[in-house]
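Heads up: the structure comes next, in structure tokens.
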Amino acid sequence: GDVAGFAAATGMRGIGYVQMPTTLLAMVDSSIGGKTAINLPAGKNLAGAMHQPAAIFCDLDYLASLPDEEYRSGLAEIIKAALIAERSFADWLSANISAVLSRKPCAIREAVARAIGIKAAVVARDPNEAGERAILNYGHTVGHSLERAVGFGNIRHGRAVAWGMEVAARISLLAGACTPATVEAQDTLLRDAGLLAERPAVPHAKLFDAMSHDKKSQSGEPRWVLLREIGRADYGRWVDPSIVRAALAEVLPE
Ligand SMILES: NC(=O)c1ccc[n+]([C@@H]2O[C@H](COP(=O)([O-])OP(=O)(O)OC[C@H]3O[C@@H](n4cnc5c(N)ncnc54)[C@H](O)[C@@H]3O)[C@@H](O)[C@H]2O)c1
Ligand SMILES: [Zn+2]
């Protein structure tokens, strides 16, 4: 979807296109909002364009053949949407995680529809990411850095974002934005979703280097999305690097 959208954005300076997502991640996240890009060796999504699709057709039947690992990767973005924007959806996910994981049709339908609703509403209010749209980047500062540090394609996007959310939640706690109970609630949801198995081992120097290339950085310093409570987040926050180091040491020991 990202590559096809980028081709449509640049071919003849932009042609109309339609997104037909076939992965869970594309249905709830990447097909919506018009961000198209390809990765460069220097970083994730570094060549890209904003180009809104004329329509998105989301057929849940595609998910029947999706491998478990791909499905779980999409689930990470669904959980992210709930954590940043809608407490009642996070509670629903906690209560229904096994039905979602076993792909019960009514559970898939509800999870996908609610996640799409959150993303579409945020994008409609702030299509060009002048402000609020940045909350969708929760977990992505470290997530994208992990993807770059271990090599694009060696870790799925959703898994990297799940670890990124784990680091971001610790940063939120250490920066005084949320309580330990909020971090625990996130931990439980991500663990129950099977997203915290296989902790990646990466030198922190590599992650810091990747973070300084992040598009969201200002003067080489990342801006963070911090969790306030389940269902509410802040964006654009500067955080003391010592806090980032402490959070990384706790979540992703070298
Ligand atoms: N543009 C955005 O706003 C945005 C948002 C989130 C993520 N992304 C990007 O999206 C990318 C990941 O996209 P993705 O998760 O859709 O992965 P993908 O397109 O790489 O597909 C993953 C794998 O699943 C297979 N597959 C796809 N549909 C299938 C189906 N129905 N049945 C069986 N197999 C199927 C594909 O062949 C591929 O091997 C990442 O690079 C991420 O950075 C972009
Ligand atoms: Zn993402």
* Structure fact -> Surrounding charge for THR22, neighbours by C-beta under 11 angstrom, Lys/Arg +1, Asp/Glu -1, total -3
* Asked: Which ³J(HN,Hα) values, rounded to whole Hz and listed in residue order, are derived for region 139-144 from phi using the Karplus coefficients 6.51, -1.76 and 1.60 in 6.51 cos²θ - 1.76 cosθ + 1.60 with θ = phi - 60°, glycine and proline given as x?
  -> x, 8, 5, 6, x, 5
* To do: Search the structure for amide H atoms under 5 Å from the amide H of LYS44, placed 1.01 Å from N in the peptide plane, and list their residues when 5 or more places away or on another chain.
  => none
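Keeping the other protein chains in place, figure out the carbon and sulfur percent of the accessible area of the chain, with a 1.4 Å probe.
C and S atoms contribute 54 percent here.
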* **Amide hydrogen neighbours beyond the local backbone of ARG228, cut-off 5 Å, H modeled** => ALA233, ASP234
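Could you tally the net charge around ALA95, taking each other residue with its Cβ under 12 Å from the Cβ of ALA95, Lys/Arg +1 and Asp/Glu -1?
-3
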* **Charged-residue dipole, Cβ positions (Lys, Arg, Asp, Glu), region 126-254 about Cα centre, Debye nearest 20** => 180 debye
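Among residues other than ALA85 whose Cβ falls under 11 Å from its Cβ, what is the net charge (Lys/Arg +1, Asp/Glu -1)? Present the calculation step by step, with values, prior to reporting the outcome.
On the way: positive: LYS80, ARG87, ARG114, LYS119, ARG232; negative: GLU86, GLU132.
Net charge around ALA85: +3.
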* Structure fact -> Karplus-derived 3J(HN,Hα) from phi for region 122-129 (6.51 cos²θ - 1.76 cosθ + 1.60, θ = phi - 60°), whole Hz, x at Gly and Pro, runs 5, 5, 5, 6, 8, x, 9, 6
* **Structure-based [θ]222 nm, the chain - -39500 (n - 2.57) summed over DSSP H runs of at least 4, per residue, nearest 500** => -16000 deg cm²/dmol
* To do: For ALA175, enumerate residues with amide H under 5 Å from its amide H, sequence gap 5+ or separate chain, H modeled in the peptide plane.
  => none
* To do: Give, in nm to one decimal, the length gained when the segment between ASP187 and GLU221 is fully stretched (0.36 nm per residue of separation minus the Cα-Cα distance).
  => 9.6 nm
* From the backbone phi of region 51-66, what are the Karplus-calculated ³J(HN,Hα) couplings (6.51 cos²θ - 1.76 cosθ + 1.60, θ = phi - 60°) in whole Hz, Gly and Pro given as x? -> 8, 6, x, 5, 7, 10, 10, 10, 9, 5, 4, 4, 5, 4, 9, 6
* **Anisotropy class of region 176-243 from Cα gyration tensor, a/c 1.5 cut** => oblate
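The values are calculated or read from the model by the stated rules, or taken from the named source; none is laboratory data. Please read all numbers here as calculations on a predicted model, not as lab measurements. Cβ: placed from backbone, ideal geometry, glycine included. Neighbour counts: every protein chain shown. Each accessible area value is taken on the protein alone, full model and side chains, heavy atoms only, with ligands, DNA and RNA left out. Shrake-Rupley method; radii C 1.70, N 1.55, O 1.52, S 1.80 Å.
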